[in-house]
Structures are given as C-alpha cells and as structure tokens.
Amino acid sequence: MSVFPRPALVGLPGDRTAAREIASSAVTTLSAVLVLFALLAPKDLDGLGSEAFVRLPVEALLGVGLVLVLRDGARRIVAVSAGAVLGLLTVVKAIDIGFGLALNRRFDPVFDWGVLGNGVDLLGTSIGRAGAIASFLGLTLLAVVVIVLMGLATLRLSRVVVGRRTASTRVTAVLGVVWIVCAVSGAQLAPGQPFASRSAAAFAYEDLRQVRAGIRDREAFAAEVAADSFRDTPSSGLLNALRGKDVLFTFIESYGRVAVQDSDIAPKVGAVLDAGTARLKSAGYGSRSAFLTSPTTSAGSWLAHSTLQSGVWVDSQHRYDDFVKTDRFTLGGAFKRAGWQTVGVVPAHTEDWPEGKVYGYDRYYDSRTIGYHGPPFSYATMPDQFTLSAFQRAERAREHPPLMAEIDLVTSHWPWTPLPRLVDWTAVGDGSVYNPMPSQGKTPDEVFTDPAKVRGAYGDSIAYSLNSLISFVETYGGDDLVLVFLGDHQPNPIVAGAGADRDVPISVVTRDKAVLDKVAGWDWQDGLHPDRNAPVSRMDTFRDRFLTTFAH
C-alpha cells in the first residue's frame with residue numbers, strides 16, 4: 001500500500017460542467033462590457049471619463065425589448081446586424097477622436113476617406129512607407145475584428161435575454177421607468193453627462209445629418225462657384241497697378257495666429273518678424289500685415305490654397321474635389337489673362353497632380369522636377385531655402401516676362417523636426433549641402449515625448465521658414481518684386497490648443513510705395529508682425545479685394 005496520497009482526479013463531468021459555466025459567464029460578461037462601452041463611449045477624448053460609463057443607454061433597453069418580441073430567426077438576424085452597426089459606429093468614433101486630435105474636426109463618413117490615404121503618407125515620413133502601410137492594414141484589420149466581435153456579442157446577449165425571458169422583461173421594465181424619470185428630470189452624474197443616455201443614437205443621427213448636409217452643400221457650392229463677377233473681365237481691366245512686377249504668393253505651412261500672439265511661441269517668432277521688418281526697411285522695403293481666417297485648421301493646406309486663389313470658401317474635401325473640376329477664375333488665371341507668366345512651386349508633391357490644371361500654371365515644379373538632390377526632413381521633401389533658391393535660378397535669374405507664382409514652403413509641416421539650417425545662398429546648389437543636417441537634429445520620437453518640446457520645435461520651424469523668406473527678399477528681391485506671404489492654417493491642437501481660431505497672418509512686402517499705398521486702403525498694420533488689433537477677414541474675400549484694388 002502506497003504511503004503517498006492518491007492524486008485528485010480531474011476532468012470529471014462535474015468539473016467540466018463548472019468550467020463551462022465559468023467560461024460562459026465570462027463570455028457573457030465580456031459581451032455586455034463590450035456592448036455597453038460601444039453604446040456609452042464618447043466621440044472625443046474630453047468626454048472620456050469614468051462618469052461617461054455610469055449611465056443608462058436607452059438603446060440597450062430598446063434592444064432587449066425588440067429581442068423579446070422577435071422569433072428566433074429574425075432575432076438572430078437583428079442581433080447580428082445591430083451589433084455590426086454598433087461596431088461600425090465604434091470604429092467611426094475612434095476615427096473621430098483621431099481627426100479631433102490631428103485636424104480639430106469630425107470625420108466626414110462620405111468624403112474623408114481620401115484624407116486617410118494622406119495620413120498614411122504623412123505617417124510614412126516618420127516610420128517609413130512600409131511601416132505606415134503595415135500600420136494602416138493593422139488598424140483596418142482591427143476595425144473588422146471590432147465589427148465582427150460586436151455582432152457576436154449582441155448575438156450572445158440576445159440568447160441570454162431569451163433564455164431568461166421573465167427576468168429580462170421585469171428588469172427592462174423597471175429600468176425603462178428609471179430612464180424615463182431621469183430623462184424628464186434631466187438627472188446628471190456630471191455636467192453634460194445625463195444618466196438617461198441616448199448617445200449612440202445621437203451620434204448616428206449626427207453622422208446622418210452630416211452626410212445629408214454634405215450632399216446638399218454640393219449644390220450650394222456649385223452656385224457659389226458659378227457666381228463670379230471677374231470671370232469675363234478683359235485683360236485691360238486686370239492688375240494694371242502691378243504691371244511689370246513679379247508677384248509671389250507664398251504659403252508658409254502651419255503659420256497661424258498662435259505663432260505670433262498670446263502663446264509661449266510668440267516671443268521667438270515675433271522677434272524674427274520684428275527683426276525682419278527692420279532688415280527689410282533698411283533695404284528699402286515696406287510691409288503691411290493683417291490676418292485671414294482660413295477655411296481649415298491643423299491640415300488640409302490645399303483647401304486654403306484653393307480658397308485664396310478662387311475666392312470661394314473651400315472648407316471640405318468634397319468642395320475641393322468639386323472645385324478642381326470647374327473653370328473657376330483664379331488668381332493664377334487672372335494674372336495669365338493679363339499677360340504674366342504663371343508658375344506653381346509645390347515641393348510636397350511627389351506624384352502627378354492633374355487637379356492643378358484649374359490654376360492655369362504655365363510651368364509647375366514639384367519634388368521630382370525642382371532639382372533637389374539632398375535629404376528629406378521628415379515630411380518636408382526639401383528645405384524652404386532650397387525651394388526659394390531653385391525658383392530664383394529657374395525663373396527670376398534669367399530674362400523673363402513678369403511672373404506670378406504660388407510657392408509653397410513646407411519645412412514647418414508637422415512633425416517640425418529635424419530642421420535644416422540656413423546656409424549661404426551661393427552654397428545651396430543642388431541641395432547636397434544639407435546631407436548631414438537631418439542626423440544632427442532631433443528625431444520626432446525625441447521631441448514628441450514632451451508637449452513643451454513639440455511647441456518649441458514648431459516655433460523653431462516657423463522661425464526658419466520666415467528667416468528663409470526674409471533673407472530671400474534681401475538677397476534676390478529688387479524693385480520689381482511684390483511678395484504676399486501667409487499661413488495656410490493653424491497648427492494642430494497639440495500646439496494651437498483646443499478651440500483655437502482659424503486665423504493666419506498675411507503680409508505684403510515691396511519696395512514700390514504705390515503698391516503699399518494701394519494696400520493702405522485695407523487698413524493693414526505696418527510691418528510683418530500683426531498684433532491682436534490687426535484686421536481679420538475671411539480668406540475667400542482676398543481674391544476679389546486684390547483684383548479690385550490693383551485693377552487700376
């Protein structure tokens with residue numbers, strides 16, 4: 001007889017039954033948690049507190065009631081379908097949160113899918129294109145998993161409800177009365193968090209309204225584009241006060257009001273603008289500045305470019321998509337009709353841009369044709385100084401008719417690091433002088449661990465872009481130059497802060513006093529540094545004001 005105790009027997013039927021019951025309860029609990037999270041989760045990070053989940057969702061009560069009255073076949077179809085819809089709403093909420101952080105606006109479920117592709121391209125500048133694509137595919141797979149799991153979870157819960165029909169009916173009836181009382185009384189556990197919740201239904205309704213509004217807006221936008229008092233203006237009535245001038249419209253990426261006012265960034269950037277005003281004045285240039293309200297914020301530079309050029313409010317991707325299919329009379333078209341050579345300089349473009357034909361450029365330079373052989377700086381394909389130098393060599397350094405150009409400067413694009421340094425203009429060459437600079441700067445990973453460092457990097461990038469432009473005017477300006485430079489939009493909320501306005505600085509620089517006297521009628525402030533009292537106007541008003549002012 002053994003002196004050792006006999007080992008306990010496992011795997012008996014009773015043990016397996018207990019294990020199955022525990023697993024079943026765990027699955028049911030997880031299903032309930034998943035569904036409640038989907039019903040109660042807010043659409044932005046500000047509402048993502050514990051109080052958001054201590055609420056009673058009416059959708060859950062209605063769902064239980066529906067399950068109780070349906071036959072088995074219909075119940076399964078409705079449960080899985082409702083779960084899939086709830087999963088899709090959860091995915092859209094997550095995308096909304098991402099759009100809020102990056103773009104300070106909601107996701108448009110009809111027209112914004114193309115923006116996701118731009119996001120992949122942007123992410124590729126930090127982790128490589130392969131990594132960005134892998135991340136996008138991973139997130140897509142996760143979205144599919146969420147939708148499938150939500151369908152399975154609602155199916156599971158529907159079976160539990162039907163299996164405990166009497167108890168489910170009683171509990172639902174009691175909670176229904178509680179919900180009605182709380183809804184009528186407006187009971188709240190926290191400000192803006194009513195205990196009687198209908199957040200999922202409200203979210204879905206908001207999305208449907210957004211879709212409907214977007215569709216209706218296309219008709220309104222078509223009418224705006226068609227109404228154009230300058231479309232048929234002859235060349236003799238266009239831009240006569242600028243004859244013989246090279247007129248450059250230069251966008252500085254993410255150059256917003258936060259860079260010059262009421263922020264810890266403003267002193268650094270303001271010092272650059274004040275010093276630049278003095279430097280240009282000593283070289284014979286005058287300048288005036290104000291603010292324009294951009295149609296976009298955080299991103300979507302092309303919306304601002306098209307708004308300034310067209311004189312219509314292009315504040316969404318669907319408006320932009322419609323705009324580029326029109327023959328709207330743009331600033332580029334006006335200069336071309338009046339006899340100028342027109343040029344587009346878009347260093348951020350790495351692929352063909354057929355939409356650009358709407359601007360009527362005679363010549364167009366992108367990252368492939370501008371002749372850059374240096375390194376990229378995160379998103380920025382090339383330093384702003386090189387962009388300006390290449391434009392000068394290709395266009396203004398030779399005998400040429402008067403030029404009109406839109407030049408986009410991208411060094412100050414997110415993630416604002418690493419940054420190039422200004423070099424002597426004679427050393428710019430093909431850009432190989434910049435080869436060692438990216439490795440000498442901070443990486444985005446180093447900077448984005450600290451919001452203060454992010455803001456500092458943004459300020460440094462704006463200072464670089466402004467210094468490049470001011471130095472360009474000092475070096476290559478001349479009596480025939482009229483420079484209009486402005487921001488396209490405010491930076492994202494990490495820098496600009498939640499709820500920031502959409503104002504961007506705009507300045508005009510020239511040696512010609514007659515041109516400045518024309519601008520004086522706009523009441524813009526002297527110098528490059530607009531203060532809080534500077535006038536503000538919408539960006540879509542600029543085209544008509546500019547064409548009217550300089551017609552004669």
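The values are calculated or read from the model by the stated rules, or taken from the named source; none is laboratory data. Only a predicted model underlies this, so the values are computations on that prediction, with no experimental measurement involved. Note: ideal-geometry Cβ built from the backbone for every residue, glycine included; neighbour counts use all protein chains shown. To get the accessible areas, we keep the full protein, side chains included, count just its heavy atoms, and leave off ligands, DNA and RNA. Shrake-Rupley method; radii C 1.70, N 1.55, O 1.52, S 1.80 Å.
Leu242: net charge of surrounding residues, Cβ under 11 Å, Lys/Arg +1, Asp/Glu -1, itself excluded?
My count for the surroundings of Leu242 gives 0.
Which percent of the accessible heavy-atom area of the chain goes to carbon and sulfur, probe 1.4 angstrom?
Within the chain, the accessible surface is 62 percent carbon and sulfur.
Lys and Arg at +1, Asp and Glu at -1: add these up for the other residues within a Cβ distance under 11 Å of Arg257 and post the number.
On the way: positive: Arg502, Arg532; negative: Asp262, Asp501, Asp503, Asp531.
Computed value for this residue: -2.
So if each residue of separation counts as 0.36 nm, and I subtract the Cα-Cα distance between Ala183 and Ala283, what length gain in nm does that give?
On the way: separation 100, 0.36 × 100 = 36.00 nm, distance 6.91 nm.
Roughly 29.1 nm would be gained on extension.
Positive end of the charge dipole of the chain (Lys, Arg +1 and Asp, Glu -1 on Cβ, about the Cα centre): tell me which of Pro375, Ala32, Thr90 has its Cα farthest that way.
Ala32
Looking at the chain only, what percent of DSSP beta bridges run antiparallel? Nearest 5 please.
40 percent
State, as an integer percentage, the relative contact order of region 254-379 based on alpha-carbon contacts under 8 Å between residues 6 or more apart. Intermediate values should be presented prior to the final figure.
Values: 105 pairs, mean separation 18.6, N = 126.
Relative contact order, region 254-379: 15 percent.
Just the number please: accessible area per residue for the chain, 1.4 Å probe, all protein chains included, in Å².
Counting only protein heavy atoms, the per-residue value for the chain is 46 Å².
Quickly rank 379-391, 502-514, 269-281, 16-28 as a protection proxy: mean count of other C-beta atoms within 10 Å, highest first.
Sorting 379-391, 502-514, 269-281, 16-28 by mean packing, highest first, produces 379-391, 502-514, 269-281, 16-28.
Using a simple charge model, +1 on the beta-carbon of Lys and Arg, -1 on the beta-carbon of Asp and Glu, nothing else, what dipole does the chain show about its Cα centre, in debye to the nearest 20?
It works out to roughly 2080 debye.
Under 29 Å between alpha carbons: how many lysine pairs meet that in the chain, if sequence neighbours fewer than 8 apart on the same chain are excluded?
18
Along region 267-276, what does the Karplus equation 6.51 cos²θ - 1.76 cosθ + 1.60 (θ = phi - 60°) give for ³J(HN,Hα), rounded to whole Hz, x for Gly and Pro?
For region 267-276, the Karplus-derived couplings read x, 5, 5, x, 5, 5, 5, 5, 5, x Hz, x marking Gly and Pro.
Counting only helical runs of four or more DSSP H residues, what would the 222 nm mean residue ellipticity of the chain come to if each run contributes -39,500 (n - 2.57) and the total is spread over all its residues?
Details: 18 runs with 274 residues, N = 552.
For the chain, the value works out to -16500 deg cm²/dmol.
For the chain, what does the relative contact order come out to in percent, with C-alpha contacts under 8 Å and a separation of six or more?
21 percent
Please list, ordered by chain and number, the residues whose modelled amide H lies under 5 Å from the amide H of Gln188; skip anything fewer than 5 residues away on the same chain.
Hits under the 5 Å cutoff: Phe195.
Putting +1 on Lys and Arg Cβ atoms and -1 on Asp and Glu Cβ atoms, find which of Gly429, Val181, Tyr320 reaches farthest to the positive end of the dipole of the chain.
Toward the positive end, the furthest listed residue is Val181.
Compute the distance from the alpha-carbon center of region 416-438 to that of region 480-540, in whole Å.
Centre-to-centre distance over Cα atoms comes out at 28 Å.
Ranked highest first by average number of other Cβ atoms within 10 Å, how do 69-79, 358-368, 293-303 line up?
293-303, 358-368, 69-79
What does the net charge come to around Gln341 if you take all other residues with beta carbon closer than 10 Å to its beta carbon, with K and R at +1 and D and E at -1?
-1
Starting with the highest mean, order 311-322, 175-186 by the number of other Cβ atoms within 10 Å, averaged over the residues of each peptide.
311-322, 175-186
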